[in-house]
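**Q** Just passing along the structure, written as structure tokens.
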Amino acid sequence: HPTLGLDIGSHSIKIVELSSNGTRHTVKCFGRALVPPQAIVDGSIKEPDKVAGALKALLGNLRPKVKYAATSIAGYSVIVKKIIVPYQDEDEIERNLIFEAEKYVPFEIEEVYVDFHALDGESKKNSGTEIFLVAAKREIVDEYASLTQEVGLSPAVVDVDAFALGNAFEGAFGLLTEPIVLVDIGAQKTNINIVLQGTSLFARDMAFGGTQLTEAIQEATGLEYVDAERIKIAGSEDAAIMKEVTTVCKELCDVWASELKKVIDFYKANSDAETYPTQLYTSGGSAFLKELDIIFGDIIGLPVKILNPLQGFAIDHGIEPEYISSVAPQMAIATGLALRTLTK
């Protein structure tokens, strides 16, 4: 079945519906809605009724035809680890997965769903297979599945944010022969995925995001949260306030860049030189921050671009191309989820 890309974030819900004729993808349905404050915290849906209300209203406005939804999770509730298991056959891996997972998962095994993705045959070492082991807390997966059902959709896939991000990049650019760092900066967390030719080499979630910056602006200026959020993106004509905001943004973006550099350096220390990343693409709501690309480029030492996951896609009648281009980087994970059944 085609799936609706449904990215349920702590700040907003994003929906993308795509179709494909085999050679080109078309955006059929596209939109987002704000989530009430504190309704989702650290990936956990604390106020399901409020989130369901926002999602129902968005679905009512967009009227997507596809009723199967792909969602994704991230953060403390999901563990993604690259390991080598002593099995060659995927059926054998599946039969022994719980046993292998218990060695790596810091939760009770009864509390998680486990799955895996076998990496390329070249990665087979000592008659074993290299896999991505994924373990996700049952209560979090079940929250997202229940929410999806409550609004009249069928949950088809629960993915990991970082992998959906990789899928979005592949959908826009194909299989590049150079390793790329993808960084999606959400409201409360940031996803990193280092990809090469459609395969994830390294994936990690980090506990920083746009909300942290809004709160820092609020603290520095004394503004209300809503005003701090607006000024963060649109700026202000008040020179004194803008001086404060610019200073806060620069300081925090420096910290983010340094944290990302540490993670990339860790990856490089454990990898072959031919898999060192050559470029970095940002997405998420904070990708639009003024001079973020320059700060990241200076500190991390890679060229930085903003990811448009819908680059080269056709757009259905009734959807404004200007609207799509203005918010597309925020829709990267939703786009990657919508591509799941079109590209795999």
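The values are calculated or read from the model by the stated rules, or taken from the named source; none is laboratory data. Computed from a prediction, not measured in an experiment: that's the story for all the values here. When we count neighbours, we look across all protein chains shown, and the Cβ atoms used for this are built from the backbone with ideal geometry, even at glycine.
**Q** Let me confirm something: among ILE15, ILE93, ILE83, which residue is in a helix (DSSP H, G or I) and in contact (Cβ under 8 Å) with a residue 24 or more places away in the chain?
**A** Exactly one residue qualifies, and that residue is ILE93.
**Q** Scan region 225-238 for residues that are under 20 Å from PRO36 (Cβ atoms) and either surrounded by 13 or more Cβ atoms within 10 Å (Cβ to Cβ) or modelled with pLDDT of 95 or more (or both) and jot them down. Break it down stepwise before answering.
**A** First, the residues of region 225-238 that are under 20 Å from PRO36 (Cβ atoms): 225-230, 232-233.
Within region 225-238, TYR225, ASP227, ALA228, GLU229, ARG230, LYS232, ILE233 meet the criteria.
Here's the yes/no breakdown for (1) touching a His at 6+ places or on another chain (Cβ under 6 Å); (2) more than 30 Å from GLY53 (Cβ to Cβ); (3) not aromatic (Phe, Trp, Tyr):
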| site | (1), (2), (3) |
| --- | --- |
| VAL78 | no, no, yes |
| ILE98 | no, yes, yes |
| GLU150 | no, no, yes |
| PHE163 | no, no, no |
| GLY166 | no, yes, yes |
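**Q** Right, next: Does ILE319 count as outside any helix (DSSP H, G or I) and among the aliphatic types (A, V, I, L, M)?
**A** Answer is yes for this residue.
**Q** Return the residues of region 193-228 that are under 16 Å from GLY43 (Cβ atoms) and in contact with a strand residue (DSSP E or B) (Cβ under 7 Å, 6 or more places away or on another chain); say none if nothing qualifies.
**A** ALA203, ARG204, ASP205, MET206, PHE208, GLY209, GLY210
**Q** Take ALA57 and tell me if it is at pLDDT 95 or above, in contact with a strand residue (DSSP E or B) (Cβ under 6 Å, 6 or more places away or on another chain) and assigned by TED's automatic domain parsing to the domain that holds GLY9. Break it down stepwise before answering.
**A** Numbers: at pLDDT 95 or above: yes; in contact with a strand residue (DSSP E or B) (Cβ under 6 Å, 6 or more places away or on another chain): no; assigned by TED's automatic domain parsing to the domain that holds GLY9: yes.
Against the criterion (at pLDDT 95 or above, in contact with a strand residue (DSSP E or B) (Cβ under 6 Å, 6 or more places away or on another chain) and assigned by TED's automatic domain parsing to the domain that holds GLY9), ALA57 does not qualify.
**Q** Let me confirm something: among GLY312, GLY318, GLY285, GLY336, which residue is modelled with pLDDT under 95 and either in contact with a Pro (Cβ under 9 Å, 6 or more places away or on another chain) or outside the structural domain of PHE30 (by TED's automatic domain parsing) (or both)?
**A** Selected residue: GLY285, the only one of GLY312, GLY318, GLY285, GLY336 that is modelled with pLDDT under 95 and either in contact with a Pro (Cβ under 9 Å, 6 or more places away or on another chain) or outside the structural domain of PHE30 (by TED's automatic domain parsing) (or both).
**Q** Still on this model: State the number of residues belonging to region 179-207 that are farther than 17 Å from GLN279 by Cα, of a type in the set (A, V, I, L, M, F, W, C) and part of a strand (DSSP E or B).
**A** Result for region 179-207: 1.
**Q** Count, please, the residues in region 252-306 that happen to be aromatic (Phe, Trp, Tyr) and not in a helix (DSSP H, G or I).
**A** Going through region 252-306 one residue at a time, the tally reaches 2.
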